[in-house]
Amino acid sequence: MIDPRSAYVHIPFCHRRCFYCDFPVVPLGDRADGSTSGSVAAYLELLQREIASCPGGPPLATVYFGGGTPSMLTPVQVEGLLEALGHRFGLAEGAEVSLELDPASFDEARLAGYLAAGINRVSLGGQSFDDGVLADLGRRHRGADLREAAGWLRRALRRGELASWSLDLIQGLPHQSAAHWDGQLRQAIALEPPHLSVYDLIVEPGTVFERRRQRGELALPPEDLAADLMEQTWARLTAAGYGHYEISNYALPGHASRHNRVYWSGAGWWGFGMGATSAPRGRRSSHPRTRAAYAEALAAPAPETGHAPETATTPEPGGMPFDEQLLVGLRRREGVNLQRLARQHHLDPSLLEDLRRRLAAYEQRQLLCIEGPRWRLADPDGLALSNGVLREMLAWWQELEPLSPRTPRRAAAP
Ligand code: SF4
């Protein structure tokens, strides 16, 4: 089993909860700041304790501070966490160290502090340039904040102080038209981000958006318009020189996120903090999603490792169940070597023929391409219409073993 060389650190604090968000977050209010908040200080102590109690491993090649709103932490606080990771694992030469930043939660001086602390890649949660849309999403920042923050990042990149940065956008918003979305894409390209992540809006249970939908107040684009918007994104961004390397991700040459590739490749990673998922050495676990439960789990560490507060554990090759590896693999432009994946999970190879027959219509329409052992969705049509294929695959997998979808019919283990 390969030792992971990546770590995710969850910073749960936000100023407020956005209307579509179901992440494990702790809203602290619009004026809160990590330097003065007792909640932040107490949580950082827990994180330090968890990192220190981790068994350790080879130097980390990627570190990702996600959230939440990690830019609510001061540079000194981020540096303290990086030092703890460095002490436990070491940081490999040229490691990619990413931090998620929210516009309006940092300024240029704070950005300089993060870079001096060791951050070399930033993910900017822009989501939209339209103030009305941002208000409707429950976001705290406005389009002007986003443009200003992007200007600081662009300058830091030009000065060589930052290796790369990414802009997040959300598509498929209520009332969104193709013309509106095109305007958003043009504004994004004008900011010159080396990397763009474009996510579909998903209405999650328990969110304000779900309640709006139940009341009939959320006019989401129909599925075919959502697919058209994805193709529009592909056309606009590839024409601007971005490569489409994953269903939601585009990058200029040399700017693909190394950390994200770890998740998609099925390689293991360490996860720290409440709600974080961890998959070191083929052992997948999810940390509790509240601070109290996380603190409690830390106080009673797992006996085998002395670390990892867990709510669920699944030993799997690559730390991921077969269905999850299949789905994340198909999100990548290069697809997935399904024969190898099936072998790793000791699946009967004849099952893949069943699946192929079931997906024949997609293959005939050239949305799904099967090239020897490799299965991939055509770019852009197959990726844009991926929901149907992925739904069908999940149904196939669940039908194999309704009582235990994690352990369907398997070939004898070698
Ligand atoms: S800023 Fe991000 S993590 Fe925080 S509530 Fe909004 S969407 Fe969720």
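Taken together, the values in this text are just the output of simple stated rules run on the coordinates, not laboratory data. This is a predicted model, so every value here is computed, not measured. Don't worry about glycine lacking a Cβ; one is built from the backbone with ideal geometry, like all the others, and counts go over all protein chains shown.
Highest average first, the peptides 5-12, 57-64, 356-363, 370-377 ordered by how many other beta carbon atoms sit within 10 Å of their residues are 5-12, 57-64, 370-377, 356-363.
Does the chain come out rounded, prolate or oblate, given a ≥ b ≥ c as the square roots of the eigenvalues of its C-alpha gyration tensor, rounded meaning a/c under 1.5 and, failing that, prolate meaning a/b above b/c? It comes out oblate by the Cα gyration axes. Considering helices alone, the calculated mean residue ellipticity of the chain at 222 nm is -12000 deg cm²/dmol, with DSSP H runs of length four and up weighted by -39500 (n - 2.57) and normalised per residue.
Here the relative contact order of the stretch 1-110, from alpha carbon pairs under 8 Å that lie six or more residues apart, stands at 33 percent.
When the Gaussian network model of the chain links Cα atoms closer than 10 Å, the mean-square fluctuations of 214, 77, 398 top out at 214. Using 19 Å as the cut-off for backbone N distance, which residues of the stretch 371-391 belong to the label zone defined by a point 7 Å from the Cα of residue 239 along Cα→Cβ? Residues 379-381, 384 qualify, since their backbone N sits under 19 Å from the label point. Distant-in-sequence amide contacts of residue 65, defined by a placed amide H-H separation under 5 Å and a gap of 5 or more residues or a different chain, comprise 9, 98, 99, 100.
Projecting the Cα atoms of 160, 175, 233 onto the dipole axis of the stretch 141-250, where Lys and Arg carry +1 and Asp and Glu carry -1 at the beta carbon, places 160 farthest toward the positive end. Sorting 17-23, 386-392 by average packing, meaning the other beta carbons within 10 Å per residue, from highest down gives 17-23, 386-392. Judged by a Cβ-Cβ distance under 4.7 Å, the unpaired cysteines of the chain are 14, 54, 369. FRET efficiency for the residue 208 to residue 179 pair, using the beta carbon distance and R₀ = 25 Å, is estimated at 0.40.
Computing FRET efficiency as 1/(1 + (r/R0)^6) for residue 31 and residue 231, where r is the C-beta to C-beta distance and R0 is 30 Å, gives about 0.10. Mean sequence separation of contacting Cα pairs (under 8 Å, at least six apart), scaled by the length of the stretch 335-400, corresponds to a relative contact order of 33 percent.
For the options 88, 31, 186, a Gaussian network treatment of the chain with springs between C-alpha atoms closer than 10 Å singles out 31 as fluctuating the most. Each Lys and Arg contributes +1 and each Asp and Glu -1, all at the Cβ; summed about the Cα centre of the chain, the dipole is approximately 380 debye.
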